[in-house]
Structure formats: structure tokens, C-alpha cells
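The structure appears below as C-alpha cells.
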Amino acid sequence: MKFDEQERGALKRAGFSVADDHEAAYLEALVAIGAHDHETLWLTITLRNSTRVVCALPRDETIVAIDENA
């Protein structure tokens, strides 16, 4: 699946570089993971335009994924 024109524009305005095939976007950003509760981690990505994207992640699955890729 590729990003459409509107999505590519929004990503570029936020500081992302969109791949030539329009299937991926890349960004150098500050990323923080915080413990929210016993089941959830918060992943916060601060974009170049000072916008923050916050995602809730399952705590156990996140740690397993990190350990598997280390």
C-alpha cells in the first residue's frame, strides 16, 4: 500500500522523508517510551515541527519484540 498525495504532503510537512516508491517514510526524531500502567507503554515521537505522536503499546508484547530484535 502506498501513501496517497495528501498523506505524503502531511508527512513531508511534519519533517518526514518519503521513499521514492511512496511506501515508507523516514524521520530522525526524539522517541521516548514511558510506563503508563501494568499493561501499557506509551511511545511518544516528537516530530521536527514540534508535533507529538503518542501510541499506546502492549507492555509485554513490546518488550518481547525489543528482545527478539536486539
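The values are calculated or read from the model by the stated rules, or taken from the named source; none is laboratory data. Only a predicted model underlies this, so the values are computations on that prediction, with no experimental measurement involved. Note: ideal-geometry Cβ built from the backbone for every residue, glycine included; neighbour counts use all protein chains shown. What goes into the accessible areas is simple: the full protein's heavy atoms, side chains included, and nothing from ligands, DNA or RNA. Shrake-Rupley method; radii C 1.70, N 1.55, O 1.52, S 1.80 Å.
Tabulated data for the structure shown
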quantity	calculated
Number of the exception - Arg59 against (1) at pLDDT below 90; (2) in contact with an Asp or Glu (Cβ under 7 Å, 6 or more places away or on another chain)	(1)
Scope the range 27-56; condition of a type in the set (Ser, Thr, Tyr) and at pLDDT 90 or above; matching residues	Thr40, Thr44
Any strands (runs of 3 or more DSSP E) falling wholly within the range 1-63 and containing at least 1 residues that are free of Cβ contacts under 8 Å to residues at least 12 places away in the same chain and open to solvent by less than 40 Å² (accessible area, probe 1.4 Å)	30-35
